Amino acid sequence: IFALAALVVTFAGYKTVTYKLTALKQAQAEVSQVTANMRQKQLDCLARNIYHEAGYEPFEGKVAVAQVTINRANDPDFPNTICEVVYQKTTSSLGQKICQFTWTCNHVSAEKDEYLWEEAKYIAHKALTQPIAHSIIKKTNAMFYHADYVHPKWKLDKTAQIGRHIFYKERDGI
C-alpha cells in the first residue's frame with residue numbers, strides 16, 4: 001500500500017509540475033509575442049518617420065531625426081512611445097489640429113522608394129538597438145527641428161544644422 005501511495009503521489013506531482021511548466025511556457029510565449037509585436041510596431045513607426053521626414057537627407061540627417069523622435073519618447077512632456085510621438089496631434093489656440101510631423105497629417109500611406117525605405121528601417125533598427133545616436137542631437141537633447149526653408153517663430157536654442165534640417169533644444173517659447 002505504501003508503494004502504491006508513493007507511486008500515486010509521484011504521478012500526481014509529476015502531472016502538476018508538467019501542467020505548471022506547460023502553462024508557464026505558454027504564458028512566456030504569449031508575453032514574448034506581444035513584446036515582439038510591440039517592438040516591431042515601434043520600429044515601423046520610427047522607420048516611417050525617418051523615411052518621410054528625412055528620406056532624401058544624408059545618413060547623418062536620418063540618424064538625427066531618429067534621435068529627436070527617441071528624445072521625445074524619453075521625455076515626460078511627450079507621449080511615452082515612438083508611435084505616440086510620431087502620430088501626436090496638438091490643438092492650436094484657434095482650435096486647429098496640428099501634427100508634430102507634417103507627413104502624418106497628409107495621410108501618406110506608402111513608402112514608394114524601396115532603397116530609401118530599407119535604409120530608414122535599417123537606421124530605425126540601429127537607433128533602437130545600438131548606441132548610434134547622433135552625438136550633437138543626443139548631447140543637447142534636441143527635441144525639435146524644421147526644414148531650412150521654414151521660418152517658425154520659435155524661441156529655442158539652435159543646436160545644429162544637418163542637411164536641410166535645423167535642430168533645436170528646449171521647449172520654452174513655442
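Comparison of 116, 128 shows that the only residue that is of a type in the set (A, V, I, L, M, F, W, C) and open to solvent by 60 Å² or more (accessible area, probe 1.4 Å) is 128.
Look through region 83-95, keep the residues that are within 25 Å of residue 39 (Cβ to Cβ) and either hydroxyl-bearing (Ser, Thr, Tyr) or open to solvent by 30 Å² or more (accessible area, probe 1.4 Å) (or both), and return whichever of them is modelled with the lowest pLDDT. Within region 83-95, the match that is modelled with the lowest pLDDT is 89. For region 96-109, the count of residues that are open to solvent by less than 80 Å² (accessible area, probe 1.4 Å) and of a type in the set (Gly, Ala, Ser) is zero.
Considering 37, 80, which residue is within 18 Å of the chain's Cα centre (by Cα), of a type outside the set (Asp, Glu), modelled with pLDDT under 90 and open to solvent by 40 Å² or more (accessible area, probe 1.4 Å)? Break it down into steps so the answer makes sense when it comes.
Working: 80 fails: modelled with pLDDT under 90.
Every option except 37 fails the conditions.
Identify the residue in region 145-174 that is among the small types (Gly, Ala, Ser) and in contact with a helix residue (DSSP H, G or I) (Cβ under 6 Å, 6 or more places away or on another chain) and, among all such residues, is modelled with the lowest pLDDT. Within region 145-174, the match that is modelled with the lowest pLDDT is 160.
Does residue 60 qualify as being open to solvent by 80 Å² or more (accessible area, probe 1.4 Å), within 15 Å of residue 167 (Cβ to Cβ) and of a type in the set (D, E, K, R)? When the stated conditions are applied, residue 60 passes them.
The values are calculated or read from the model by the stated rules, or taken from the named source; none is laboratory data. Here the structure is a predicted model, which means the values were calculated and not measured. With ideal geometry, Cβ positions are generated from the backbone for all residues, glycine too; neighbour counts draw on all protein chains shown. What goes into the accessible areas is simple: the full protein's heavy atoms, side chains included, and nothing from ligands, DNA or RNA. Shrake-Rupley method; radii C 1.70, N 1.55, O 1.52, S 1.80 Å.
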